[in-house]
């Protein structure tokens with residue numbers, strides 16, 4: 001029997017008639033006990049167990065640091081038997097993504113090395129070009145520190161994109177150095193002429209990416225929490241990778257080539 005909305009009360013519920021096996025109709029209060037109490041409006045369940053969720057909004061701090069502080073404080077609380085605390089939502093997704101990136105990043109660097117070795121047929125040249133990867137990391141990490149933006153999944157993806165751009169600058173420089181040496185120039189002359197000639201190419205490539213990502217780095221609207229870390233990492237990394245590539249990479253190339261040319 002369904003009561004109208006205006007008649008739904010505990011007193012009226014007790015008077016609802018129910019059928020008995022003998023065919024009688026008796027009030028519900030004679031066969032059931034009623035107790036009025038307070039409780040949750042919604043009862044959530046997960047994996048067959050009751051679930052109570054606590055949501056928080058973070059402002060001015062990184063999510064990993066906030067969760068670490070909460071875990072430290074909750075770890076001092078004696079949780080009743082049968083109860084347990086889990087950390088889910090965006091934090092769980094971030095942890096899962098970071099674990100995947102910890103596998104993807106080394107694999108990416110290894111594949112880049114294989115491709116460089118296949119292109120130059122030299123372990124020396126491949127490793128020399130990979131020096132640009134830590135040179136890009138310096139700028140990306142520094143940019144995050146200056147802007148106060150914590151490392152996130154989008155920032156980590158920005159580092160992967162930065163690796164490709166940094167390696168491209170190294171390929172442009174080293175391939176031209178090798179070409180000039182094949183034409184008969186000495187290592188010092190090849191490095192001096194090659195660095196001067198490729199200066200414009202490297203700067204144009206870096207400036208194109210930096211200017212293209214600048215609107216993302218300056219954005220403050222909806223979705224900027226995802227766009228800004230990625231853009232800032234790439235821009236900061238390109239600045240350091242470009243400047244250091246033009247100074248450090250030619251120097252290392254010259255040192256290695258002069259050592260190889262010394263008669264034993």
Test residue 29 against the stated conditions and say whether it is over 20 Å from residue 86 (Cα atoms), surrounded by 10 or more Cβ atoms within 10 Å (Cβ to Cβ) and touching a helix residue (DSSP H, G or I) at 6+ places or on another chain (Cβ under 7 Å).
yes
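Yes or no, residue by residue, for (1) surrounded by 18 or more Cβ atoms within 10 Å (Cβ to Cβ); (2) touching a residue at least 40 places away in the same chain (Cβ under 8 Å):
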site: 147; (1), (2): no, yes
site: 175; (1), (2): no, yes
site: 182; (1), (2): no, no
site: 185; (1), (2): no, no
site: 189; (1), (2): no, no
site: 194; (1), (2): yes, yes
site: 211; (1), (2): no, no
site: 238; (1), (2): yes, yes
Would you pick out the residues in the stretch 140-167 that are modelled with pLDDT of 85 or more, more than 17 Å from the chain's Cα centre (by Cα) and closer than 22 Å to residue 204 by Cα?
167
Would the stretch 112-120 turn up any residue that is at pLDDT 85 or above, out of contact with any strand residue (DSSP E or B) (no Cβ under 7 Å at 6 or more places or on another chain) and under 20 Å from residue 226 (Cα atoms)?
no
May I ask you to list the residues in the stretch 220-264 that are within 21 Å of the chain's Cα centre (by Cα) and modelled with pLDDT under 80?
220, 221, 222, 223, 224, 225, 226
Within the stretch 64-93, work out how many residues are touching a helix residue (DSSP H, G or I) at 6+ places or on another chain (Cβ under 6 Å) and within 30 Å of residue 165 (Cα to Cα).
1
Could you please give the count of residues in the stretch 149-163 that are in a loop (DSSP other than H, G, I, E, B) and surrounded by fewer than 21 Cβ atoms within 10 Å (Cβ to Cβ)?
3
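Is there a residue being over 30 Å from residue 94 (Cβ atoms), under 29 Å from the mean Cα position of the chain (by Cα), surrounded by 14 or more Cβ atoms within 10 Å (Cβ to Cβ) and touching a residue at least 24 places away in the same chain (Cβ under 8 Å) anywhere in the stretch 130-137?
Looking for residues that are over 30 Å from residue 94 (Cβ atoms), under 29 Å from the mean Cα position of the chain (by Cα), surrounded by 14 or more Cβ atoms within 10 Å (Cβ to Cβ) and touching a residue at least 24 places away in the same chain (Cβ under 8 Å), one finds at least one in the stretch 130-137, hence yes.
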Residue 201: surrounded by fewer than 16 Cβ atoms within 10 Å (Cβ to Cβ), part of a helix (DSSP H, G or I) and touching a helix residue (DSSP H, G or I) at 6+ places or on another chain (Cβ under 8 Å), yes or no?
yes
Among 166, 206, 217, the single one that is in contact with a helix residue (DSSP H, G or I) (Cβ under 7 Å, 6 or more places away or on another chain), within 29 Å of residue 121 (Cβ to Cβ), without any contact (Cβ under 8 Å) to a residue 60 or more places away in the chain and surrounded by 17 or more Cβ atoms within 10 Å (Cβ to Cβ) is 206
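Can you give me the number of residues within the stretch 62-87 that are in contact (Cβ under 8 Å) with a residue 24 or more places away in the chain and either surrounded by fewer than 10 Cβ atoms within 10 Å (Cβ to Cβ) or part of a loop (DSSP other than H, G, I, E, B) (or both)?
Adding up the residues that qualify gives 1.
The values are calculated or read from the model by the stated rules, or taken from the named source; none is laboratory data. Computed from a prediction, not measured in an experiment: that's the story for all the values here. Cβ sites come from the backbone with ideal geometry, for glycine too, and all protein chains shown count toward neighbours.
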